[in-house]
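Right, one structure below, let's go through it.
The values are calculated or read from the model by the stated rules, or taken from the named source; none is laboratory data. Every value quoted in this text rests on a predicted model; they were computed, and no experiment measured them. Every residue, glycine as well, gets a Cβ built from its backbone with ideal geometry; the counts of neighbours run over all protein chains shown.
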């Protein structure tokens, strides 16, 4: 597949929501060479630093953002509030959730099969971006993020709009050690002997917190199947395990 002239940023919410820019960034449209071709947003996978910076600048320009904040993710459940003034792009160490009420600042999650989940509170004017792999679902970082937005901004679950971006689908989410790794409550989302539907697990966790189902959107794009996105599992099947990271982000405007 040839890379387009500009990277593709796919909106994720199933309705037009005023006051935000957001989207899942395609792996194409950046400047990185193979095996990070072409729009890798991660500094930690072996790509040249100047390539990653250039890719991030392209994303900022296309979405009209002044600043970009990302996280050095650890598959935990800590959530960081980005506060004003934000004087430049920066990376927060050791967190998997970012929230803010500062305009013009993009919150970006890097991922290559894990879920990137976006939150928008239209009433209190606040946003969040969360990295949730299977460990994040086990720890229920989605509930932790909703609690953090309630504490920091007064957000109510019924006012939240949430989008689950491209990520590992039930077709490819194989967990051969699920008896040791996943809680018993996840068994109802098992779709074959070792495959699980984590899109539905996240939806259920959001609903349990009080987010209305009609305000939860799931892209239902499997990163392992779709060549539009980086996938660690696909890279492992190809024998290298080396790949770039997708970006999924949201910002108040």
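Quick notes on this structure:
- Each residue in the stretch 205-226 was checked for being surrounded by 16 or more Cβ atoms within 10 Å (Cβ to Cβ) and not in a loop (DSSP other than H, G, I, E, B), and 8 pass.
- Listed conditions (1) assigned to a strand (DSSP E or B); (2) touching a residue at least 60 places away in the same chain (Cβ under 8 Å) are all met by residue 162, apart from (2).
- Residue satisfying condition, being under 15 Å from residue 132 (Cα atoms), crowded, with 18+ Cβ neighbours inside 10 Å, at pLDDT 95 or above and touching a helix residue (DSSP H, G or I) at 6+ places or on another chain (Cβ under 8 Å), within set 97, 106, 76, 110: 97
- Residue selected from the stretch 229-253 under the condition surrounded by fewer than 18 Cβ atoms within 10 Å (Cβ to Cβ) and out of contact with any helix residue (DSSP H, G or I) (no Cβ under 7 Å at 6 or more places or on another chain), by the criterion nearest to residue 24 (Cα to Cα): 253
- Some residue of the stretch 134-143 being assigned to a helix (DSSP H, G or I), surrounded by 18 or more Cβ atoms within 10 Å (Cβ to Cβ), out of contact with any helix residue (DSSP H, G or I) (no Cβ under 7 Å at 6 or more places or on another chain) and free of Cβ contacts under 8 Å to residues at least 60 places away in the same chain: no
- Those residues of the stretch 116-133 which are assigned to a loop (DSSP other than H, G, I, E, B), over 15 Å from residue 22 (Cβ atoms) and touching a helix residue (DSSP H, G or I) at 6+ places or on another chain (Cβ under 8 Å), in sequence order: 123, 124
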